[in-house]
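Worksheet: one structure, shown below.
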Amino acid sequence: MSTPDAASAGAGATPARTPFDLPDVSGLVVGVLGGTGPQGRGLAYRLAKAGQQVIIGSRSAERAAAAAAELGHGVEGADNASTAARADIVIVAVPWEGHGELLAALRTELAGKIVVDCVNPLGFDKQGAYALKPEEGSAAQQAAALLPESRVTAAFHHLSAVLLEDREVEEIDIDVLVLGEERAATDTVQALANRIPGMRGVFAGRLRNAHQVESLVANLISVNRRYKAHAGLRITDV
Ligand SMILES: NC(=O)c1ccc[n+]([C@@H]2O[C@H](COP(=O)([O-])OP(=O)(O)OC[C@H]3O[C@@H](n4cnc5c(N)ncnc54)[C@H](OP(=O)(O)O)[C@@H]3O)[C@@H](O)[C@H]2O)c1
């Protein structure tokens, strides 16, 4: 079974799913580690605007409180550990360089939580962006290795923080690829993505395939530079 079609044919009599057969996540608290950066602030803004309760985390509670006040829509700020402890779903939005150390320190707070890794391990040189090769395979797999009691997923890699933060932009036109080992967890993350107008969560496999998804951001950065765009992705025929 080498083609995508052949693989789906193997599903036999299983009825087709739509990316909208999903749980209600409106009551869940979302925490964002590294929520003072553009990606964290942008996601926090969009989710809070859609009615989700959101806490942004930081290494400094004061920085988090200041960023939360600017975001409005009821967003709260706290240090990363309190954010992880209080949230039901925790988005990891720190640079790759700080990823492993932060998650290792929060193992207890993140136990039992759905963790959503959106970290893209990239390098930059004169030729542009390129994908790094984490020892564990991907940032998401590093998270899963460091957080054995958490429900680790990967999503939100291909978003433009510029668009997320732009208050003139009403809809974010993108499919969010959601990866993970556990279907209930990936369904929850898909449903979270679906809360944001224009955005759709699409299941895209297990964490062993996260490397390609994280790496594709290097290609999107090339597109953006060539065409002065904020490129995103759509999956057809789903
Ligand atoms: N920017 C985008 O368009 C975009 C899109 C998709 C995915 N992503 C991914 O999202 C992540 C965050 O992106 P970003 O552009 O928002 O990054 P960023 O601004 O460089 O970092 C986000 C926040 O992380 C905290 N931080 C910085 N270094 C840290 C360290 N060593 N350990 C722990 N925390 C640290 C900082 O918050 P405090 O100083 O307040 O702690 C910072 O405000 C990245 O991994 C990126 O690959 C970004």
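Rule-based calculations on the coordinates, nothing more; no lab input. Here the structure is a predicted model, which means the values were calculated and not measured. Note that we place each Cβ from the backbone using ideal geometry, even for glycine, and neighbour counts take in every protein chain shown.
Run the paramagnetic zone check for Gln127: 7 angstrom along Cα to Cβ, then residues of the range 197-238 with backbone nitrogen under 18 Å. From the range 197-238, the list is 215-226. Taking label points 7 Å from Cα along the Cα-to-Cβ direction, Lys228 and Arg107 give a separation of 5.0 nm. Straight-line cross-link reach from Lys113 at under 24 Å between alpha-carbon atoms covers these lysines, not counting any fewer than eight positions away in the same chain: Lys49.
In this Cβ point-charge picture (+1 for Lys and Arg, -1 for Asp and Glu), the chain has a dipole of about 300 debye about its Cα centre. Near Ile91, the amide H atoms lying under 5 Å from its own belong to Gly31, Val32, Leu33, Val116; only residues 5 or more places off or on other chains count, and H is placed 1.01 Å from N.
Near Leu132, the amide H atoms lying under 5 Å from its own belong to Leu122, Gly123; only residues 5 or more places off or on other chains count, and H is placed 1.01 Å from N. Of all lysines in the structure, the ones whose alpha carbon falls short of 23 Å from that of Lys228, not counting any fewer than 8 places away in one chain, are Lys126. Couplings 3J(HN,Hα) for the range 114-121, derived from phi with the Karplus relation 6.51 cos²θ - 1.76 cosθ + 1.60 (θ = phi - 60°), are 7, 9, 10, 8, 10, 7, 10, x Hz, where x marks Gly and Pro. With K and R counted +1 and D and E -1, the other residues having a Cβ less than 11 Å from that of Glu182 yield a net charge of +1. For the range 24-227, what does the alpha-carbon gyration tensor say about shape, rounded, prolate or oblate, given a ≥ b ≥ c as the root eigenvalues, a/c under 1.5 as rounded, and a/b over b/c as prolate? Rounded, because the longest to shortest axis ratio a/c is under 1.5.
Bridge orientation summary for the range 24-227: considering DSSP beta bridges with both residues in this region, about 20 percent are antiparallel. Ranked by how many other Cβ atoms sit within 10 Å of their own Cβ, fewest first, the residues Ser138, Ser60 fall in the order Ser60, Ser138. Looking at the range 104-159, the GluC sites (Glu not before Pro) that sit in a DSSP loop and have at most 14 other Cβ atoms within 10 Å of their own Cβ are Glu135, Glu149. Sequence neighbours fewer than 8 away in the same chain don't count; with that in mind, list the aspartates and glutamates whose C-alpha is under 15 Å from Lys133. Lys133 reaches Glu97, Glu214. Applying the criteria of a DSSP loop state and at most 15 other Cβ atoms within 10 Å to the GluC sites (Glu not before Pro) of the range 181-238 yields Glu181, Glu182. Relative contact order of the range 24-227, taken over Cα pairs closer than 8 Å and 6 or more residues apart, is 19 percent.
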